[in-house]
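**Q** Submitted below is the structure of interest, expressed as structure tokens.
The values are calculated or read from the model by the stated rules, or taken from the named source; none is laboratory data. Worth saying up front: this structure is predicted, and the values here are computed from it rather than measured. Because the Cβ atoms are built from the backbone with ideal geometry, glycine has one as well, and the counts that use them run over all protein chains shown.
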Amino acid sequence: MRQIKTKTGIGRWLPRKFDREKAAGTLEFTDDLRFGPELLHARAVRSTIARGRILSIDYEDALKVDGVIKVVVGKDFPHHFGLYLKDRTPMAIGQVRYVGESVALVVAESEDAAEEGAAHVKVEYDELEPVFDPVKAATNNDILVHPDLHKYDHVGFVTPQPNTNIATWFRIRRGEVDKAFKETDHFFEETVTCPQIAHGFLETHCCICKHEKASPELTIWTSAQSAFTVREIIAKGIGYPLNSVRVIAPPIGGGFGGKAGMTIEALCLAAAMDPDIKGRPVKLFIPREEVMISSWVRQGYVARIELAVSKEGKIQAIRNSFWFDTGVSAEYGANPVRSAGYTSTGAYYIPNVWTDCYAVYTNKPFGGAYRGFGLPEFMGALELVIDTVANKLGIDPVEFRKRNLLKKGLPTCTGMPMHDHGLESIITKVAQKINYDQKEEPIRPGWKRGKGIALAIKAPAIPADASSSAIVKINGDGTIEVLAATMDMGQGTYSAFAQMVSEEIGVPYDWIKVHFPDTKSHPYDWQTVASRSTWSMGMAVKQAAISAREQIIKLYSEFWEVPEDCISIEYGSVICSKLGKSERLDERIQNGFKMPDGILKGGPIIGTGSFTPPDIVYPDLETGQSPKSVVHFTVGAVGIDVEVDPGTGQIVVNNVAAGYDVGKAISPVGIMGQIEGGTIQGISACLMESMSYDEHGRLLTPDFTDYKIATTMDVPSSVDAFWEEVPEELSPYGNRGVGEHSMISPAPALNNAVYDALGIRIHSYPLSRERVFKAVRALSNGEKDFWEWPYELEQVFRRAKKSWE
Amino acid sequence: MTKHIVRFILNGRAVKIEVEPRTTLLRTLREIGVISVKRGCEEGECGTCTVLVDNSPQKSCMILAMEVEGRSVTTSEGLIFPDGELHPIQQAFIDEGAIQCGYCTPGMVMATYALLMRSPDPTEEEVRNALAGNLCRCTGYVSIFRAVKKASAMMKKLPQGAGDR
């Protein structure tokens, strides 16, 4: 008998949690918190050169600025921090490694004074030759970005190569690759490049740290995706017990991976832990331009992909060489490189696989997590190659994809068998939605119209033991509070959790609150990343809700003297139809029931839940093989119909369809938002986004005037978003994540559509107007491929581009 | 630096604030607890600090507080009705899933309000133009287009002038 009834459970379209406060403008983000006059403000002095030794830091004049109370430099706070590889110090010590690296921190009574003070710090450098090209850095060890690489602590699955610039090297060795290439009917080799791109969240980094004057206790308020991981990295870095570091994460204004792990907290801490400052809170607000020059980016890459294809159009082997430009630090960036590596046959079955993915240090800002975590990069290249190969073979690109699809039971590149999924049906629907089979006339006279499709696949790229836990508290009036340390940064997980609790306990959604993370009160969760929360934290929340429900029903069973299965909870009331009883949850849930025997029983009801993925095995370091490398994959496809103006290089998206197999839609409004938003973010990245540097490594695009992101003028009127529901086995309700996936394939789908429109393949992202215009010119000169290199890349890659000819 | 007194109407109430001549309206508003205006870039690029000055949408980081002397400034908080009900524009953003992280939302709402005041039934082109200075990284704008359309319909159902704030 179903014991629960609710109209606001999973699968319902409901107003999202905190939307009201967001619409009103009253929700407090980190920068909105008030600390009173004791608050100090910090401002970083940043390196103006890309590589060099620090000869001197003169801050005498800064200390004379009215309001400045202290200047802290790197050697004052020499702790190393990092999630997977401890290659970071909050400030440069002895040498700088990129333009924008913090070399000193000015602390003052006001923001203005800190800024003024920072302008008065003089730093002298002995400039050294930098390296910006990841392929050059990987293949030539004359310039080492991290000469001390061998000394850094790291987790076992990251493989730094000492005395090189390679921070990690991920390999797949599967099948007989050389043999397959030797015997193949068709051989193809393609290269694709993409620059670093910025997250472009609208709330910049902001953090407040306070260290107690007389005891080793630390409180951090920060714009972070993952309160507990900030706590762990900080505590390990400074050698504090976990319970002496409290991290409070107020709502954040967009993350997209850029606020994952630890970001600016350690820098702020360098001030807050200073003996002269302890006891006062210190705020570090990073203005937009500093965010752009100094913080996390999506890694750029140079990809070379070789394919062996039989005359029947079956892919027999793939050889991948992926150079990720991880910039100055791979503490987090090492892992998207692995994520790309262990998904390096995409959504296809390829029996023979050879993959080398490298995270390469260069003298640029550092690569870290970014929506899609290695897969927009990898699929951004692979899906172009698949399309190119299909066209060269004269096979319809959709048919070629379906012919090679990674169907249920077939092994992925790590040897793990693929689970069931709805990708084939999604591909068909996407093709129908954009009229893929019809060559349509352009709407705009003189323009060229084309259509393209690309597939998406991604697993949560998490450590094997990434755990979650949750608490569900039933209040004395039947309302419920959920403590689940996921950050709701707009993806809507709090709504999803509330729907799960409503589903399990039978109380209305409106009675349920989910609180923003505070490590002091919340139970542990690893991170809000990897599209894992509705799945992993969902497991914990569901378990906690069931546990609370079971306690309620057990108490009522004893109270009413009926078996437990005679009791249900419907719309917030506990009901026994046999006895004709119906009671609202009330203070007895909190204070106990006077049982028929006269004894008071019960007390506050708290449900708890914990989850850890049970059976993940890290891929072998030599071969990349593992019986279960990841928990599951979410798959999907994007189809885009574009028009290109050959006269200006302008691209306009006529229509875009995007579908994913989400297993089960818990909160449809959230999924819709993730698909719409991620699709546009992907289109934006494809059309206009690039962190561009001059020959000295200085960022040429440090603000939204120069670093373009899509505005209302650049997007289609709508996104045709849809999903399939082939349930996941180990999952709260069969659901899988979709937050990142929507950004994986818009770029290659768009690129494929532009190829369809123009007949020339553009191998370098982004497809800016200038670049498209140049490609049109190249086409008129008889070219079929177009590259533009962001730096002087190795000639070998120029040669590689057409070696099949 | 010498401070000056500036007087203006903030969300319908007269305020008198001491400011330095160089202080922006954005920082002044935040100083007195108006947190709907955000410091997204402080250089006029992102629109998260959009307010109405008299009836025109302005990026409050791009004007000095002293420039609003004697004028009327409206922020997203000022659209809320006295009984706590949200303005139809704010409600439409919720209904259409046009809010994700919420950082751009107050600015978007104000830009929409300015648009609907001058053009109650805007074409899609007008909507795009009116919101072109307001960046949103989460929604991809398509849900915001729906919200503006819905807000336009909701406001037409209100009695004449009831949606004016």
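**Q** If the Cβ limit is 8 Å and pairs must be 6+ apart or interchain, which residue in the stretch B:97-115 that is without any contact (Cβ under 8 Å) to a residue 60 or more places away in the chain and at the interface with another protein chain (Cβ under 7 Å from one of its Cβ atoms) pairs with which residue that is part of a helix (DSSP H, G or I) and of a type in the set (S, T, N, Q)?
**A** Pairs that qualify, where the first residue is without any contact (Cβ under 8 Å) to a residue 60 or more places away in the chain and at the interface with another protein chain (Cβ under 7 Å from one of its Cβ atoms) and the partner is part of a helix (DSSP H, G or I) and of a type in the set (S, T, N, Q), are B:GLY97/B:SER143; B:ILE99/B:THR105; B:THR105/B:SER76; B:VAL109/B:SER76; B:VAL109/B:GLN90.
**Q** Got a number for residues in the stretch A:686-703 being closer than 15 Å to A:GLY327 by Cβ and not hydroxyl-bearing (Ser, Thr, Tyr)?
**A** Final tally of qualifying residues: 4.
**Q** Taking interchain pairs and intrachain pairs at least six residues apart, which have beta carbon atoms under 7 angstrom, with the first residue in the stretch A:144-166 and without any contact (Cβ under 8 Å) to a residue 24 or more places away in the chain and the second in a strand (DSSP E or B) and crowded, with 16+ Cβ neighbours inside 10 Å?
**A** Within 7 Å, the pairs are A:GLN161/A:TRP169.
**Q** Would you confirm whether or not the stretch A:683-703 contains a residue that is within 14 Å of chain B (Cβ to nearest Cβ), charged (D, E, K, R) and touching an Asp or Glu at 6+ places or on another chain (Cβ under 6 Å)?
**A** yes
**Q** Starting from residues that are touching a His at 6+ places or on another chain (Cβ under 8 Å) and over 17 Å from A:LEU423 (Cβ atoms), keep the ones in the stretch A:730-744 and report whichever is surrounded by the fewest Cβ atoms within 10 Å (Cβ to Cβ).
**A** Per the criteria, the residue is A:LEU730.
**Q** When you go through A:ILE57, A:ILE4, A:ILE69 one by one, which is the residue that is more than 14 Å from chain B (Cβ to nearest Cβ), closer than 30 Å to A:GLU331 by Cα and of a type in the set (Val, Ile, Thr)?
**A** Checking each option against the conditions leaves just A:ILE57.
**Q** Name every residue in the stretch A:298-315 that is assigned to a loop (DSSP other than H, G, I, E, B) and within 25 Å of A:SER692 (Cβ to Cβ), in order of residue number.
**A** A:GLN299
**Q** Which numbered condition in (1) within 14 Å of chain B (Cβ to nearest Cβ); (2) closer than 25 Å to A:SER110 by Cα is the only one that A:ALA42 fails?
**A** For A:ALA42, the exception is condition (1).
**Q** For the stretch A:460-548, which fully contained strands (runs of 3 or more DSSP E) count at least 3 residues that are over 19 Å from the mean Cα position of the chain (by Cα) and within 27 Å of A:GLU232 (Cα to Cα)?
**A** The strands (runs of 3 or more DSSP E) meeting that bar are A:468-474, A:480-484.
**Q** Further, regarding this structure: Would you check which residues across the stretch B:75-97 are buried (at least 22 other Cβ atoms within 10 Å of the Cβ), β-branched (Val, Ile, Thr) and not in a loop (DSSP other than H, G, I, E, B) and list them?
**A** Answer for the stretch B:75-97, where residues must be buried (at least 22 other Cβ atoms within 10 Å of the Cβ), β-branched (Val, Ile, Thr) and not in a loop (DSSP other than H, G, I, E, B): just B:ILE89.
**Q** For the condition at positive phi and touching a Ser or Thr at 6+ places or on another chain (Cβ under 7 Å), what is the one hit in A:TYR571, A:TYR618?
**A** Only one candidate qualifies: A:TYR571.
**Q** Within the stretch A:436-451, identify whether any single residue is touching a residue at least 60 places away in the same chain (Cβ under 8 Å), under 25 Å from A:GLU190 (Cβ atoms), out of contact with any His (no Cβ under 7 Å at 6 or more places or on another chain) and aliphatic (A, V, I, L, M), and answer yes or no.
**A** Scanning the stretch A:436-451 turns up no residue that is touching a residue at least 60 places away in the same chain (Cβ under 8 Å), under 25 Å from A:GLU190 (Cβ atoms), out of contact with any His (no Cβ under 7 Å at 6 or more places or on another chain) and aliphatic (A, V, I, L, M).
**Q** For the stretch A:701-720, check the following and say yes or no: at least one residue is touching a helix residue (DSSP H, G or I) at 6+ places or on another chain (Cβ under 9 Å), part of a strand (DSSP E or B), assigned by TED's automatic domain parsing to the domain that holds A:VAL776 and at pLDDT 95 or above.
**A** yes
**Q** Residues of the stretch B:1-48 being at positive phi and among the charged types (D, E, K, R), which ones?
**A** Of everything in the stretch B:1-48, just one residue is at positive phi and among the charged types (D, E, K, R), namely B:GLU42.
**Q** Return the residue satisfying two criteria in turn: it lies in the stretch A:25-43 and is surrounded by 22 or more Cβ atoms within 10 Å (Cβ to Cβ) and aliphatic (A, V, I, L, M), and of such residues it is farthest from A:GLU289 (Cα to Cα).
**A** Ranking the candidates gives A:LEU27 first.
**Q** Same structure again: Return the pairs, sorted by first residue and then second, in which the second residue is part of a loop (DSSP other than H, G, I, E, B) and surrounded by 21 or more Cβ atoms within 10 Å (Cβ to Cβ), the first residue lies in the stretch A:601-620 and is in contact (Cβ under 8 Å) with a residue 60 or more places away in the chain, the beta carbons are less than 6 Å apart, and the residues are 6+ apart or on different chains.
**A** A:PRO613/A:VAL631; A:PRO619/A:TYR342; A:PRO619/A:THR414; A:PRO619/A:SER629
**Q** Could you tell me which of the residues A:THR204, A:THR193 is of a type in the set (Val, Ile, Thr), touching a residue at least 60 places away in the same chain (Cβ under 8 Å) and part of a loop (DSSP other than H, G, I, E, B)?
**A** The unique qualifying residue is A:THR204.
**Q** What number of residues within the stretch B:123-146 are buried (at least 19 other Cβ atoms within 10 Å of the Cβ), more than 7 Å from chain A (Cβ to nearest Cβ) and not in a helix (DSSP H, G or I)?
**A** Residues flagged as buried (at least 19 other Cβ atoms within 10 Å of the Cβ), more than 7 Å from chain A (Cβ to nearest Cβ) and not in a helix (DSSP H, G or I) within the stretch B:123-146 amount to 2.
**Q** Tell me which of these B:LYS38 doesn't satisfy, since it passes every other one: (1) touching a Ser or Thr at 6+ places or on another chain (Cβ under 6 Å); (2) at pLDDT below 95.
**A** So the condition that B:LYS38 fails would be (2).
**Q** B:ALA65 versus (1) surrounded by 24 or more Cβ atoms within 10 Å (Cβ to Cβ); (2) not assigned by TED's automatic domain parsing to the domain that holds B:LEU29: which is the lone unmet condition?
**A** (2)
**Q** Would you say B:ARG146 is charged (D, E, K, R) and within 30 Å of A:GLY257 (Cα to Cα)?
**A** Yes; evaluated as a whole, the condition is true for this residue.
**Q** Return the total of residues in the stretch A:120-167 being within 26 Å of the chain's Cα centre (by Cα) and surrounded by fewer than 13 Cβ atoms within 10 Å (Cβ to Cβ).
**A** Of the residues in that region, 2 qualify.
**Q** Let me ask something else about it. Can you find even one residue in the stretch A:683-696 that is assigned to a loop (DSSP other than H, G, I, E, B) and closer than 23 Å to B:VAL142 by Cβ?
**A** Yes, that holds for at least one residue.
**Q** Of all residues in the stretch B:1-12, which are part of a strand (DSSP E or B) and touching a residue at least 24 places away in the same chain (Cβ under 8 Å)?
**A** B:HIS4, B:VAL6, B:ARG7, B:PHE8, B:ILE9, B:LEU10
**Q** Quick check on this structure: which one of A:ILE350, A:ILE318, A:ILE277 is in contact with a Cys (Cβ under 9 Å, 6 or more places away or on another chain), assigned to a loop (DSSP other than H, G, I, E, B) and of a type in the set (A, V, I, L, M)?
**A** A:ILE350
**Q** Now, a different point. Among B:VAL73, B:VAL34, B:VAL15, B:VAL53, which is within 15 Å of the chain's Cα centre (by Cα), more than 14 Å from chain A (Cβ to nearest Cβ) and in contact (Cβ under 8 Å) with a residue 12 or more places away in the chain?
**A** B:VAL53
**Q** Same structure, new question: Could you list all residues from the stretch A:723-757 that are outside any loop (DSSP other than H, G, I, E, B), within 30 Å of A:ILE616 (Cα to Cα) and more than 14 Å from chain B (Cβ to nearest Cβ)?
**A** Result: A:TRP723, A:GLU724, A:HIS741.
**Q** A further question on this structure: Only one residue in A:ILE208, A:ILE220 is out of contact with any Phe, Trp or Tyr (no Cβ under 8 Å at 6 or more places or on another chain), buried (at least 20 other Cβ atoms within 10 Å of the Cβ) and either more than 24 Å from A:LYS708 (Cβ to Cβ) or away from chain B (no Cβ under 14 Å) (or both), so which one is that?
**A** A:ILE220
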